[in-house]
Amino acid sequence: MRRRYLLAADVGGTKVALALAAAGGARPEIVAHHVYACREFSSLQPIIADFLQQPPVAGHRGAIAAACLSVAGPVAANSVTLTNLDWKIAGNALAAELRLPEVRLINDFSAAGLGITRLAPNELETLQVGSPVAQAARLIIGAGTGLGGGLLTWQDNGYAVHASEAGHADFAPVDEVQDKLLVYLRRSYGRVSYERVVSGPGLMRIFSFLQETGAGVPSRQLRDADKTRQDTAELIAEFALAKLDPLAVRALDLFVGIYGAFAGNMALATLARGGVYIAGGIAPKIAPKLREGAFMRAFTSKGRFSEVLATMPVQVVMNPQVGLYGALLEAARLCGDSK
């Protein structure tokens, strides 16, 4: 029998990761993988078209049985307008244009939620052991270019994933510094969501807020490095982790506290006694900072419900391809190869 293949993409506001995998097995075996910068393309179609022309993908194109795209935005009728990128994507149109049997769109944190069910223990880093309850609700959230989340509930013999746009809930300050940050951001945005703060652009906004309110000035080393780097947020995080810039350290500390408070809010909203998973592009890169304790202190600092939150397992997803694996698992399900 001719071997079948699966196509998957993880489409964010900054980059698109594509993978081709052989169908079959508990976790599809990726045979080709490539990452594209969104800024270099006007839409998704030419990115996928280019990937399909690359070896060894081109040789397996006729054997692709299904495709699933993880997209950063709310999916309706197999279509989406990306939240942080001016792209409109229609799965059915892509299938016709690229001559693929089926292209299914799913929310990026629906994909990540599917992916965590197949992670190995060494692909997770524990922040709080807790007391997990079998088959209880699970929560997955994550900051990158934006802030996403999803809920997993037990159905039949496994977890079903429910997409969420919780990252766009109102930012709720918990102290005077965060109060001032809200006022600062409100001047630019009016309504301020958590995503305006807990994201890569959000870390840059926190840094600017601290600088403009007199908390400090960037070091010359950071300013010089910023001239040659495209990702300022990543640079701020790197300087903070290495303790090379006091203002960067303060910015990341504030970011991590707000991130932890948001995670705790979502854990309360879902009663995620089955576990809380911190995914997204930022968490693995700042895992040492998350381990220091400020994240978990903010997570559990919920008054009368602090003890409840202390029972919930909290883990960082260290595998950056979790969304791709989730999309591949959905593609496998579409063509009847799910295990």
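Helix 232-241 axis versus longest C-alpha principal axis of the chain: approximately 60°, rounded to the nearest ten.
What do you get for the angle between helix 176-189 and the principal long axis of the chain? Use alpha-carbon atoms, 0 to 90 degrees, nearest ten. With both axes taken from Cα atoms, the answer is about 60 degrees.
Distances between placed amide hydrogens fall under 5 Å for LEU244 paired with no residue 5 or more residues away or on another chain. For the chain, the relative contact order works out to 23 percent when only alpha carbon pairs closer than 8 Å and six or more residues apart are counted. For the range 158-261, the Cα gyration tensor yields ellipsoid semi-axes of 25, 18, 12 Å (square root of five times each eigenvalue, largest first, whole Å).
Values [x] 21.3; [y] 17.8; [z] 26.5 are given for comparison; mean projected area of the Cα convex hull in nm², derived from the coordinates here, is the one labelled [y].
What is the angle, in °, between the Cα long axis of helix 246-270 and the longest principal axis of the Cα atoms in the chain? Nearest 10 is fine, range 0 to 90. Helix 246-270 sits roughly 60 degrees off the main axis of the chain. Under a model in which nothing but the beta-carbon of Lys, Arg (+1) and Asp, Glu (-1) is charged, the range 73-231 shows a dipole of about 340 debye around its Cα centre. Taking ILE140, ILE278, ILE30 as the candidate residues, the one with maximal mean-square fluctuation in a Gaussian network model of the chain, Cα springs under 10 Å, is ILE30. When the listed pairs LYS15/LYS88; LYS88/LYS227; LYS88/LYS285 are checked against a 22 Å cut-off, the alpha-carbon distance exceeds it for LYS88/LYS227; LYS88/LYS285. Charges were assigned to the Cβ only: +1 to each Lys and Arg, -1 to each Asp and Glu. The resulting dipole of the chain about its Cα centre is roughly 220 debye. Of interest is the spacing of the C-alpha centroids, which for the range 96-148 and the range 269-339 amounts to 8 Å.
Annotation: the antiparallel percentage among DSSP beta bridges lying fully within the chain is about 65. The H on the amide N of ILE64, modeled in the peptide plane, is under 5 Å from the matching H of TYR5, each at least 5 residues off or on a different chain. With both labels modelled 7 Å from their Cα along Cα-to-Cβ, the PHE305 to ARG191 distance reads 2.2 nm. Accessible area per residue for the range 204-320, computed on protein heavy atoms with a 1.4 Å probe, is 45 Å².
Along the range 52-67 the Karplus relation, 6.51 cos²θ - 1.76 cosθ + 1.60 evaluated at θ = phi - 60°, assigns HN-Hα couplings of 5, 8, 7, x, x, 4, 4, x, 10, 4, x, 9, 6, 8, 6, 9 Hz to successive residues, with x for each Gly and Pro. The mean sequence distance of close C-alpha pairs (under 8 Å, at least 6 residues apart), as a share of the length of the range 5-96, puts its relative contact order at 29 percent.
Place a +1 charge on the Cβ of each Lys and Arg in the range 196-259 and a -1 charge on the Cβ of each Asp and Glu, then give the dipole magnitude about the Cα centre in debye, rounded to the nearest 20. Mind showing how you got there, number by number?
Details: 8 positive and 8 negative charges, 20 e Å.
Computed about the Cα centre, the dipole is about 100 debye.
Within the accessible area of the range 257-339, what % is carbon and sulfur when the probe is 1.4 Å and the other protein chains stay in place? Ligands and nucleic acids excluded, carbon and sulfur reach 52 percent.
Each of VAL198, GLY13, GLY275 was scored by the projection of its Cα onto the charge dipole of the chain, and the greatest displacement toward the positive side belongs to GLY275; charges sit on the C-beta of Lys, Arg, Asp and Glu.
The values are calculated or read from the model by the stated rules, or taken from the named source; none is laboratory data. Here the structure is a predicted model, which is why all the values come from computation and not from measurement. Note: ideal-geometry Cβ built from the backbone for every residue, glycine included; neighbour counts use all protein chains shown. Keep in mind that these areas ignore ligands, DNA and RNA; they rest on the heavy atoms of the full protein, side chains included. Shrake-Rupley method; radii C 1.70, N 1.55, O 1.52, S 1.80 Å.
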